[in-house]
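Inspection log for the structure reproduced underneath, given as structure tokens.
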Amino acid sequence: MIKKVLTQLKGLVTYDADREFYAKVFPDTLDPVALMRFRKMRKTDLPRVLDIEGQGYNYPWKVGIFHDCLKAAHYDCWVCENTEDEIMAFCIVSTAVGEATVLNLCIDPVMRKQGLGRKFMEHIIESARAKKAESVFLEVRPSNTGAVALYTSMGFNEIGIRPGYYKAENGTREDALMMAYTLI
């Protein structure tokens, strides 16, 4: 309870000139993605998170899965907000035994291909490093060529394949590429 109050107080006294002044007075002078900020996901964020999830995946997670993730001690649930405090992306990461695993990362379709995925992955990597993780793991559909290219460009390496991991169209299954990023 005290931590929650202190976090709220910090938000009241912290002043981010880029977000609070320049973005509002000179909106065309700053990169919108650079102005986006991360914070922990709250239950009240779930309607927007589910909206983004539904737009991003043909087989989205159900609300109960998100509730379970919010309750789990070793899960970090993040959202990324624009300068109007609108959630534009979210991520769920599990960190345990020296490993961080990206379980779900989804970007609002209007923000894709603008650098927000890279910014979020950089945040995930730094958060994992702060928790003393040695590696970051994730799975991705091979058909998601943009995500595969992003992860590869950031230094992730393919370490294996999970056959038939994802549901696909017409009742078929798609493999998952397993990728890893070494922090140490």
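None of the figures in this text is laboratory data; all of them are computed from the coordinates on show. Since this is a predicted model, take the numbers as computed values, not measurements. Reconstructed Cβ throughout: ideal geometry from the backbone, glycine too, with neighbour counts over all protein chains shown.
Full extension of the chain between residue 157 and residue 122 gives 11.0 nm of extra length, using 0.36 nm per residue less the Cα-Cα distance.
May I ask you to sort 119, 43 by Cβ crowding, counting other Cβ atoms within 10 Å and putting the fewest first?
Sorted ascending by nearby Cβ count, the order is 43, 119.
In loop segments of the range 97-173 as defined by DSSP, the GluC sites (Glu not before Pro) with at most 15 further C-beta atoms inside 10 Å of their C-beta are 134.
Partner aspartates and glutamates whose Cα lies under 18 Å from the Cα of residue 167, excluding those fewer than 8 positions away in the same chain, are identified as 53, 139, 175. With the convex hull of its Cα atoms as the shape, the range 65-184 has an orientation-averaged projected area of 8.4 nm².
So how do 90, 137 line up by other beta-carbon neighbours within 10 Å, fewest first? Please list the in-between numbers first.
Numbers: 90 26, 137 19.
By the 10 Å Cβ count, ascending, the order reads 137, 90.
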